[in-house]
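Q: First the structure, then my questions, so here it is.
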Amino acid sequence: MPSNTPRTAWQGEPVPEALEALSAPGGLVVCATKVGYILMTADGRGLERKFDAKQRNRNKPGVVLCADLEQLKELAELNEETLAFYEKHWERDVLLGCILPWKREALELLPDATTRELARDARGTSCFVVRFGRPAEQLVEQMWAERRLVFASSANPSGIGNRGRVENIGTRIEKEADFVVAADDYVASVQPGKDEGSRHEQGVMVSMVDAEGALVPLQKGERSVAPAPVLIRRGLDYPLIMENLSEIFPSWDYRHGEYY
């Protein structure tokens, strides 16, 4: 059965209907990013709907989408090296997500108890993502202007990619969403020369915490410092991100597929 979910094609400007849907209690929006489509929401009810739409276990938290580095600094615990790492990628418009602890005072921005549970892992950390692509960035910027956070997961059945095409988000997700922002051409433009079978469908994720969720220590150029950053998911622009890891952190690890 065809879905009745409203849909519009992104034309380079924020989509007011998508912002309205995202702002509503329990709102759930599908939107394009650099690496495909995501489900976006701003509260616990929406996170519950996201898990149900994806038919995904509740133990895998959504990511926190950051409008800018000022928002990142307000929400997450950082040291000068982790901040410098983000700055390198912000300046070059490179998608990056790092697992970090929350600042205690920032937890007050989580709108309800369900969000506190589903937007963080068992250690109380989240993956904070920047430079994820203009269609979604525009919505996050407008939400943050109202001091509201946005959380996201890929818009496809759990474990199955959408290959950067809105038609591949799946019937269940499309029916559950309140609005869809389609931009297949934008997704394809981010990785020119690659097709649906060869382009990356996710961003790089780096863990900046130890097993208990505490921020890794400063290395200050010293060797063999532990615990150290761990690249746990390979994705778009991973060669550049690994180069930047090597410039800032003499010690870091590569563990693609390690659980988060």
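The values are calculated or read from the model by the stated rules, or taken from the named source; none is laboratory data. All of these numbers come straight from a predicted model, not from anything done at the bench. Because the Cβ atoms are built from the backbone with ideal geometry, glycine has one as well, and the counts that use them run over all protein chains shown. Note: areas computed on protein heavy atoms with side chains; ligands, DNA, RNA excluded. Shrake-Rupley method; radii C 1.70, N 1.55, O 1.52, S 1.80 Å.
Q: Which numbered condition in (1) open to solvent by less than 50 Å² (accessible area, probe 1.4 Å); (2) modelled with pLDDT of 95 or more; (3) touching a Pro at 6+ places or on another chain (Cβ under 8 Å) is the only one that Gly170 fails?
A: Looking at each condition in turn, Gly170 falls short on (2).
Q: Continuing with this model, one more query. Can you find, within the range 7-24, the residue that is nearest to Glu141 (Cα to Cα) among those that are over 21 Å from the mean Cα position of the chain (by Cα) and touching a residue at least 60 places away in the same chain (Cβ under 8 Å)?
A: Within the range 7-24, the match that is nearest to Glu141 (Cα to Cα) is Glu17.
Q: If the requirement is being closer than 30 Å to Thr8 by Cβ, more than 21 Å from the chain's Cα centre (by Cα) and open to solvent by 10 Å² or more (accessible area, probe 1.4 Å), which of these qualifies: Asp178, Asp237, Asp184, Asp195?
A: From the options Asp178, Asp237, Asp184, Asp195, the qualifying one is Asp195.
Q: For the range 35-60, give me each residue that is open to solvent by less than 10 Å² (accessible area, probe 1.4 Å) and in a loop (DSSP other than H, G, I, E, B).
A: Hit for the range 35-60 is Ala42, nothing else.
Q: Among residues belonging to the range 61-117 that are of a type in the set (Gly, Ala, Ser) and in a helix (DSSP H, G or I), point out the one that is least open to solvent (accessible area, probe 1.4 Å).
A: Looking at the filtered set, the residue picked out is Ala106.
Q: Something else about it: Just wondering, is there one or more residues in the range 48-55 that are of a type outside the set (Ser, Thr, Tyr) and touching a Phe, Trp or Tyr at 6+ places or on another chain (Cβ under 6 Å)?
A: no
Q: If you don't mind, there's one more thing I want to ask. Of everything in the range 152-162 that's modelled with pLDDT of 90 or more and either within 12 Å of Lys60 (Cβ to Cβ) or among the β-branched types (Val, Ile, Thr) (or both), which residue is surrounded by the most Cβ atoms within 10 Å (Cβ to Cβ)?
A: Only one residue tops the list, namely Ser154.
Q: Can we say Val140 is open to solvent by 10 Å² or more (accessible area, probe 1.4 Å) and either within 17 Å of the chain's Cα centre (by Cα) or without any contact (Cβ under 8 Å) to a residue 24 or more places away in the chain (or both)?
A: The answer is no for Val140.
Q: Please verify whether Ser224 is in contact with a Ser or Thr (Cβ under 9 Å, 6 or more places away or on another chain), farther than 19 Å from Leu100 by Cα and not aromatic (Phe, Trp, Tyr), treating the condition exactly as stated.
A: Against the criterion (in contact with a Ser or Thr (Cβ under 9 Å, 6 or more places away or on another chain), farther than 19 Å from Leu100 by Cα and not aromatic (Phe, Trp, Tyr)), Ser224 qualifies.
Q: Select from the range 1-34 the residues that are in contact with a Cys (Cβ under 9 Å, 6 or more places away or on another chain) and not in a loop (DSSP other than H, G, I, E, B) and write down the one among them that is farthest from Phe179 (Cα to Cα).
A: Leu22
Q: Just the residues that are out of contact with any helix residue (DSSP H, G or I) (no Cβ under 7 Å at 6 or more places or on another chain) and within 22 Å of Arg45 (Cα to Cα), please, taken from the range 124-136.
A: Gly124, Thr125, Ser126, Cys127, Val129, Ala136 - these are the residues of the range 124-136 that are out of contact with any helix residue (DSSP H, G or I) (no Cβ under 7 Å at 6 or more places or on another chain) and within 22 Å of Arg45 (Cα to Cα).
Q: Cβ-Cβ distance below 7 Å, separation of 6 or more or different chains: which pairs start in the range 54-76 with a residue that is within 18 Å of Leu139 (Cβ to Cβ) and at pLDDT below 95 and end on one that is of a type outside the set (A, V, I, L, M) and not in a strand (DSSP E or B)?
A: Sorted first by the residue in the range 54-76, then by its partner, the pairs are Gly62/Lys50.
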